[in-house]
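Below is one structure; the comments refer to it alone.
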Amino acid sequence: MNAPLPTADTLRAALAGLLDGLPPKQAAQAVDRLISNYRGATPTDAPVLRDRSDVAAYAAYRMPATFEAVRSALTALAAAAPGWEPGSHLDVGGGTGAAVWAADAVWETGAGTSRTTTVLDWAEPALALGRELAASGAPALRAADWRRARIGAALALPESDLVTVSYVLKELTENDRAALVTEAARAGQAVVIVEPGTPDGYLRIIEARDRLIAAGFRIAAPCPHNDACPIEPGTDWCHFAARVSRSSLHRQVKGGSLPYEDEKFSYVAAVRFDARPAEARVTRKPQIRKGQVLLELCTVDDGLRKETVTKRHGSVYRAARDTAWGDSWPPHAE
């Protein structure tokens, strides 16, 4: 028998099949219109994704980036809690299911393993397409429950080991955001929230982080501590980047020629159980110069600080050259 494809490859293949029969120009126009709408104010009772062609075009364009961002956040959670694996996963506002694909990439399900998976979203066309895509995936994806629900203050969530909320908070009012995070904290043993890596996305993550800590959670990632963020408000923002392979639709819509792009995102992963956060987190792309690597770090005791690693540090220097933006530091921390 042929070995199954890795989750990311399976997802890419499933997404490639979405646009069969849809003219490239029409797909590009749909994506362009949807991007414009998402940059505006989207009322929570009026889904922007109206029909299958909208959803197919947008999923093919956006889902790989969401998948990679959420996978990065979940990978950091897994590193902080190496003995833990979710037996149940609730994805709130999950649309076509990028986060549940990401969870399966981190905690793979196969023969002899299982996970109860539920996706909630207000757009039925997105849920329908999510079911269709999941048919190509692992057991946890194929058995997922796709439910229509209005994401807002009145939403009651079932209890779950893992609750993910990705690229959703921006679409909600301030009151609905607060209510959703509070409800996620009540329902989940681990909560992971991902937002765009913009200054306002970071602020939404900080608000959520504060609310999770107040609810009794401890931060597993990216922060190495539960203290206040050391970034002075208005001077900078904490965000990371995930490498995304560009499809032909990406290149057509954005007019780019590179085969990849970097998805910028901010996130918080918080838990109710024991976790081992990184001793420090690399908060910017390391600067590699002749004989040295310059690291910008968020640390437990020193807040934000810079560290220079040189050749005389031997194996630590070699590790620094392989360290990426968003990784834990020092190298033995994971």
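The values are calculated or read from the model by the stated rules, or taken from the named source; none is laboratory data. Here the structure is a predicted model, which means the values were calculated and not measured. Heads up, the Cβs are rebuilt from the backbone with ideal geometry, glycines too, and the neighbour counts pull from every protein chain shown. These accessible areas exclude ligands, DNA and RNA; they are computed on the full protein's heavy atoms, side chains included. Shrake-Rupley method; radii C 1.70, N 1.55, O 1.52, S 1.80 Å.
For residue 33, the conditions (1) surrounded by 15 or more Cβ atoms within 10 Å (Cβ to Cβ); (2) at pLDDT below 70 all hold with the exception of (1). Restricting attention to region 57-102, the residues that are assigned to a helix (DSSP H, G or I) and either aliphatic (A, V, I, L, M) or without any contact (Cβ under 8 Å) to a residue 60 or more places away in the chain (or both) total 22. Residues that are open to solvent by 40 Å² or more (accessible area, probe 1.4 Å) and at pLDDT 95 or above number at least 2 in the following helices (runs of 4 or more DSSP H) confined to region 112-209: 174-187. If you filter region 275-291 down to residues that are part of a strand (DSSP E or B) and not aliphatic (A, V, I, L, M), you find that the one that is least open to solvent (accessible area, probe 1.4 Å) is 281. Restricting region 250-274 to residues that are open to solvent by less than 80 Å² (accessible area, probe 1.4 Å) and at pLDDT 95 or above, the residue that is farthest from residue 65 (Cα to Cα) is 273. The single condition among (1) under 22 Å from residue 243 (Cβ atoms); (2) more than 20 Å from the chain's Cα centre (by Cα); (3) loosely packed, with under 15 Cβ neighbours inside 10 Å; (4) in contact (Cβ under 8 Å) with a residue 40 or more places away in the chain that residue 322 does not meet is (4). Checked across region 191-199, the condition of being more than 19 Å from residue 70 (Cα to Cα) and in contact with a Ser or Thr (Cβ under 9 Å, 6 or more places away or on another chain) holds for no residue.
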